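Notes follow the structure.
The values are calculated or read from the model by the stated rules, or taken from the named source; none is laboratory data. Given the structure is predicted, the values throughout are model-derived calculations rather than measurements. Every residue, glycine as well, gets a Cβ built from its backbone with ideal geometry; the counts of neighbours run over all protein chains shown. For accessibility, only protein heavy atoms count, side chains too; no ligands or nucleic acids. Shrake-Rupley method; radii C 1.70, N 1.55, O 1.52, S 1.80 Å.
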Amino acid sequence: MKGETGSKKVYQSFGGHGMDVSINRADDLDKVTLNHVGAKESPSVLDLGCGAGGQSLRLALGGATVTALDKFDFRELIAAEMKLQKISEEKLKFIHGDISSLENLLQGEQYSDVSMQRTLHYLPYTDALKLLKYLHSVVTDKMFVSVTGLSSQVAFDYPALSLPIENRFSVLHPVQAEIFGIHEPVCLYYEVEFVSLLEESGWKVEKVWVSAFGNIKAVCHH
Ligand SMILES: C[S@@+](CC[C@H](N)C(=O)[O-])C[C@H]1O[C@@H](n2cnc3c(N)ncnc32)[C@H](O)[C@@H]1O
């Protein structure tokens, strides 16, 4: 676990998977998700790569039934926060598991929406495509998703830059890995490649934009 001090907040990277932003704040895409979900009767939302549960907790407080999943074991941390915020176990369930095995972990349930921020680039492209296709089959309404883009400082001297997207999967340059707390291999995207991935998996891209940091964010629907 690595800590990094911003202006006031401490950002941590758990298990070498980059800074957990959602525990500290809701970004623009998180807010769009909360507005969309908050307007529904009985939303059921997947939060994949939920980290320490920042967005999962906000979604549950906003009225959603949330299934939060991460391969780092956040069980105790999230349970403690649920207790503090008086969120019941019926409203928020944490699954400790890998998104590559999502189909086995979810046991055929359906969800209204899915949020997956700063996580998909930890899968090789073909695994990401398979996951997104599966999500299209079990999520009935929208997907809110982001990945790290090649315009980000994260990608400076990225060893796999010149590889075709299907083979582009490597650790970062050691200096960037240290700065951003990303020590696992990643597939970093150009915007056009990310849009193509989303469309190929069956999702319709409603809106896509690149943040100042260089994350590519998208809102998708069926
Ligand atoms: C940068 S953090 C993002 C946390 C939060 N979603 C946010 O936006 O701040 C990436 C998270 O994805 C999780 N993750 C990475 N690869 C994963 C995988 N294959 N299956 C499940 N979780 C994964 C990491 O453990 C980490 O908590």
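For the range 178-205, the set of residues classified as out of contact with any helix residue (DSSP H, G or I) (no Cβ under 9 Å at 6 or more places or on another chain) and farther than 17 Å from residue 120 by Cβ consists of 178, 181, listed by residue number. With the structure loaded, tell me whether residue 129 is among the hydrophobic types (A, V, I, L, M, F, W, C), at pLDDT 95 or above and in contact with an Asp or Glu (Cβ under 7 Å, 6 or more places away or on another chain) or whether it fails that test. Yes.
Here is a check on your reading of the model: is residue 142 under 21 Å from residue 115 (Cβ atoms), open to solvent by 70 Å² or more (accessible area, probe 1.4 Å) and at pLDDT 95 or above? Let's see the steps before the verdict.
Values: under 21 Å from residue 115 (Cβ atoms): yes; open to solvent by 70 Å² or more (accessible area, probe 1.4 Å): no; at pLDDT 95 or above: yes.
When the stated conditions are applied, residue 142 does not pass them.
Scanning the range 90-105 for residues being in a helix (DSSP H, G or I) and either more than 24 Å from residue 130 (Cβ to Cβ) or more than 10 Å from the ligand (Cβ to nearest atom) (or both) gives a total of 2.
Looking at 192, 154, which is the one that is over 21 Å from residue 59 (Cβ atoms), open to solvent by less than 10 Å² (accessible area, probe 1.4 Å) and assigned to a helix (DSSP H, G or I)? After applying the criteria, what remains is 154. Looking only at residues of the range 195-222 that are in contact (Cβ under 8 Å) with a residue 40 or more places away in the chain and of a type in the set (A, V, I, L, M), we find that the one that is most open to solvent (accessible area, probe 1.4 Å) is 210. At least 3 residues being open to solvent by less than 60 Å² (accessible area, probe 1.4 Å), within 13 Å of the ligand (Cβ to nearest atom) and of a type in the set (S, T, N, Q) is the threshold, and among the strands (runs of 3 or more DSSP E) wholly inside the range 8-89 not one reaches it.
If only residues of the range 195-219 that are β-branched (Val, Ile, Thr) and part of a strand (DSSP E or B) are counted, the one that is farthest from the ligand (Cβ to nearest atom) is 205. Pairs only if they're at least six apart or on different chains, beta carbon under 7 angstrom, first in the range 29-49 and among the hydroxyl-bearing types (Ser, Thr, Tyr), second crowded, with 23+ Cβ neighbours inside 10 Å; list them, first residue then second. Here the result reads 33/115; 33/144; 44/64, each pair linking the range 29-49 to a residue that is crowded, with 23+ Cβ neighbours inside 10 Å.
Among the listed residues 134, 122, identify the single one that is closer than 30 Å to residue 172 by Cα, touching a Pro at 6+ places or on another chain (Cβ under 8 Å) and open to solvent by less than 60 Å² (accessible area, probe 1.4 Å). Reasoning before the result, please.
On the way: 134 fails: touching a Pro at 6+ places or on another chain (Cβ under 8 Å).
Going through 134, 122 in turn, the sole match is 122.
Any residue that is modelled with pLDDT of 95 or more, of a type in the set (Lys, Arg), within 14 Å of the ligand (Cβ to nearest atom) and closer than 17 Å to residue 201 by Cα - is there at least one of those in the range 106-122? Checking the range 106-122: not a single residue is modelled with pLDDT of 95 or more, of a type in the set (Lys, Arg), within 14 Å of the ligand (Cβ to nearest atom) and closer than 17 Å to residue 201 by Cα. Residue 162 - would you say it is farther than 25 Å from residue 212 by Cβ, out of contact with any Ser or Thr (no Cβ under 9 Å at 6 or more places or on another chain), among the hydroxyl-bearing types (Ser, Thr, Tyr) and away from the ligand (no atom under 15 Å from the Cβ)? Taking the combined requirement at face value, the residue satisfies it.
Kindly provide the set of residues from the range 120-166 that are within 21 Å of residue 33 (Cα to Cα) and of a type in the set (Lys, Arg), ordered by number. Listed by number, the residues that qualify are 133, 142.
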